[in-house]
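See structure below.
The values are calculated or read from the model by the stated rules, or taken from the named source; none is laboratory data. Quick caveat: nothing in here was measured; it's all calculated off a predicted structure. Glycine also receives a Cβ, built like all others from the backbone with ideal geometry; neighbour counts cover every protein chain displayed.
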Amino acid sequence: MPSLTSRAPEPADAGAPLTAPPRPGRDPYFDNAKYLAIVLVAMGHSWEPLPGSGRLVETLYTFVYTFHMPVFILIAGYFSRGFDLRPDRVWKLVTSLVVPYAVFEIAYTLFERLTGTPDFPLSPMTPYWLLWFLPALFLWRLTTPFWQTVRWPVAVSLVVAAMGAVTSNIGGDLQLQRILQFLPFYVLGLRLRPAHFDFVRRRAVRFASVPVCLVALAAAYWAVPRTTTSWFFRRYGAEQLGEPAWTGAVVTLLLFGCAVVLSACFLAWVPNRRLWMTALGAGTLYGYLLHGFVVKGAVKLHVFDAAVVSTPAGRVLVSVVAAVVVTLLCTPPVRRVLRYVVEPRLDWARKPEPAS
């Protein structure tokens, strides 16, 4: 995902609780985690267009959507702990998030216009589907110095998120509702230290995560006919979902707790060592930005209307294809071809540093 480098965090954490000696170089654990998470994201997006997906698929969908974006955002926050408003870092933030956002907003708009929606509007303030994450991460990172200064930052961010869920008139600009409701995961990532990840990687935690996930799956199966998955998108206020405003605050806290627990379970099973997937973890931004073309293209070609897709085997096939496609989009050849639009440096546009 965007700007989630897996190098050892900068030494800005001295004196913090649960600190551990910094790991030299790139930690394969986080690259493995990012790759596995992007596979879940792609599979979840491939499940959305399934016609009459059934209760089992809806259960898996609910289970995965509880934590797959929170764990991404949490890792993004963890690797943003050393961010400040130095000019070079602000420049890199713009080139790694704002520029790709503008490029792919145009690209997806052209895609829609060329595939059956000729009047599809180009609206930079209304992110296209999955592109909301780029302006969200941009704004979260800009606020990092505040969260590093304020007391009880996670609690404060939860209050902000709850206010977002209670309020229904925020508007759709940059999908601010999502930015507010997902904020606590970024702030929690800022507060995490290497020892926290060492803790979840313990064998005891790994074993304990199995019954926890089974209970979560059972709860998801129970909840499917009784609630809407729109809560997990964090795109709407409670009243927009037909519920009293106060339920937004309750659901915010409930989903935050569930997401943190399931994120820990997910991270407990991420391999620590370098594997075939490790190199792919550095290219998850490419997989994230590009797999939308494949999913939306399949929808426009009516692939999901095929009879085989409605069968259990067809749904498994869709999931496998989604995993394979996003894996290919994370590979080095794709990154080499598209590096100049996904990770542009734009040194030519930067004013030279004044001579000392």
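Some points to look at:
- Restricting segment 258-272 to residues that are assigned to a helix (DSSP H, G or I) and of a type in the set (A, V, I, L, M) leaves a set whose member that is surrounded by the most Cβ atoms within 10 Å (Cβ to Cβ) is Leu267.
- When restricted to residues that are over 27 Å from Met163 (Cβ atoms) and either surrounded by 14 or more Cβ atoms within 10 Å (Cβ to Cβ) or touching a helix residue (DSSP H, G or I) at 6+ places or on another chain (Cβ under 8 Å) (or both), segment 221-250 contains 3.
- Here Gln175 meets each of (1) in a helix (DSSP H, G or I); (2) surrounded by fewer than 16 Cβ atoms within 10 Å (Cβ to Cβ); (3) on the phi > 0 side of the Ramachandran plot with one exception, condition (2).
- Some residue of segment 4-25 being hydroxyl-bearing (Ser, Thr, Tyr), crowded, with 20+ Cβ neighbours inside 10 Å and modelled with pLDDT under 95: yes
- Within segment 273-313, restricting attention to residues that are surrounded by 15 or more Cβ atoms within 10 Å (Cβ to Cβ), of a type in the set (Gly, Ala, Ser) and over 20 Å from the mean Cα position of the chain (by Cα), the residue that is farthest from Pro51 (Cα to Cα) is Ala298.
- Count - residues of segment 21-44 that are touching a residue at least 60 places away in the same chain (Cβ under 8 Å) and either under 18 Å from Leu280 (Cβ atoms) or in contact with a Leu (Cβ under 7 Å, 6 or more places away or on another chain) (or both): 15
- When segment 112-170 is filtered for residues that are among the aliphatic types (A, V, I, L, M), surrounded by fewer than 13 Cβ atoms within 10 Å (Cβ to Cβ) and part of a helix (DSSP H, G or I), the ones remaining, listed by number, are Leu114, Ala155.
- The residue of segment 50-83 that is nearest to the chain's Cα centre (by Cα), among those that are part of a loop (DSSP other than H, G, I, E, B) and more than 14 Å from Trp140 (Cα to Cα), is Leu50.
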